[in-house]
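The values are calculated or read from the model by the stated rules, or taken from the named source; none is laboratory data. Remember, it's a predicted structure, so these values are computed and weren't measured experimentally. Here the Cβ positions follow ideal geometry from the backbone for every residue, glycine too, while neighbour counts run over all protein chains shown. The area values use the complete protein model at the heavy-atom level, side chains included, leaving out ligands, DNA and RNA. Shrake-Rupley method; radii C 1.70, N 1.55, O 1.52, S 1.80 Å.
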Amino acid sequence: MQHGKYRFIVGFLALPLGLYALFVVWPFIQSIYYSFTDWTGLSPEFKMVGLDNYRRMLDDQIFWKSLQHSLLFALLVPVVTIGFALFLSFMINVGGRRRKSGPVVSGVRGSSFYKIVYFFPQVLSIAIVALLFAFAYNPDSGAINSFLRGVGLDGVQPLWLGDPDLALWCVMAVLVWSTVGFFVVLFSAGMASIPADLYEAALLDGANRSTTFFRITLPLLWDTVQSGWVYMGILALGAESFAVVQIMTTGPGGPDYSTTVMVLYVYQRAFRDGQAAYATTIGVALLVVTLAFAAVVMRLGRRERLEY
């Protein structure tokens, strides 16, 4: 059974590891290399400039704004999304009232329908979601302000995406709305695997819903929550935040850089300004932030694994 085991394993891993190294690791190495040059992204000629790009980045006020906004995305969006998804998943799977006939533990009435409704935004492209909310946030003809006028709140007509104090929060709300359904389904699958006997024993001991959630559901679901937290943080730092900011905001990234995030700033410097080397420098900083976020979440979320 042991004969040729390692050759078998290497044979299966060689191709995927080679593709990963070619399309993931090698571009990272190239980006780090180009961050020490003055490459424009178009010309084949460039020269080494040492740490000039990094010094420039540290003196760039727009970079610091984008870093602050990206950190807000990474800290707030995953917490709100996962917290909301956990609440909805718990109500769908466990939070229903006890019925005279049927299982002791069940979700609210119509839970199957709610799963479909919550997952529906996940079916839509993030570009479509961003466009729909851009129309909804329109201060003159958008659905939100039209509703406010319809209920008699004519004096409450925010500019939404045109207000520097509101624009970032509006964008984050869209990101939460578009991703929460995925985590509802993910956590629902995890809760469905928890033995009903544990919930029945807790109910017999007089535990209420909050006690059941914090003492049974959350500890047994923690590995899934931790993985979802890291995944959502990476989305908030990367492609999802870029898409909603690029499509929804003026500039994009405005007004007055109030919604500029790091990944958008990388794109603008590289493709709008022709400063690919400086863009890769910001990209290296984004890589460090992403790795640090994942490491902190994995460290803070470390706890003894529970089995059932």
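Note on the stretch 35-71: residues that are open to solvent by 50 Å² or more (accessible area, probe 1.4 Å) and not basic (Lys, Arg) amount to 17. ALA277 passes every criterion in (1) buried (at least 18 other Cβ atoms within 10 Å of the Cβ); (2) under 20 Å from ASP163 (Cα atoms) apart from (2).
Selection over the stretch 237-270 of residues that are under 17 Å from ASN53 (Cβ atoms) and free of Cβ contacts under 8 Å to residues at least 24 places away in the same chain gives a count of 3. Do we find that ARG303 is of a type in the set (D, E, K, R), modelled with pLDDT under 95 and buried (at least 21 other Cβ atoms within 10 Å of the Cβ) in this structure? When the stated conditions are applied, ARG303 does not pass them. When the stretch 17-48 is filtered for residues that are hydrophobic (A, V, I, L, M, F, W, C) and within 21 Å of VAL288 (Cα to Cα), the ones remaining, listed by number, are ALA21, LEU22, PHE23, VAL24, VAL25, TRP26, PHE28, ILE29, ILE32, PHE36.
Is there a residue in the stretch 174-186 that is open to solvent by less than 50 Å² (accessible area, probe 1.4 Å), at pLDDT 85 or above and either over 17 Å from the mean Cα position of the chain (by Cα) or of a type in the set (Phe, Trp, Tyr) (or both)? Yes, the stretch 174-186 contains a residue that is open to solvent by less than 50 Å² (accessible area, probe 1.4 Å), at pLDDT 85 or above and either over 17 Å from the mean Cα position of the chain (by Cα) or of a type in the set (Phe, Trp, Tyr) (or both).
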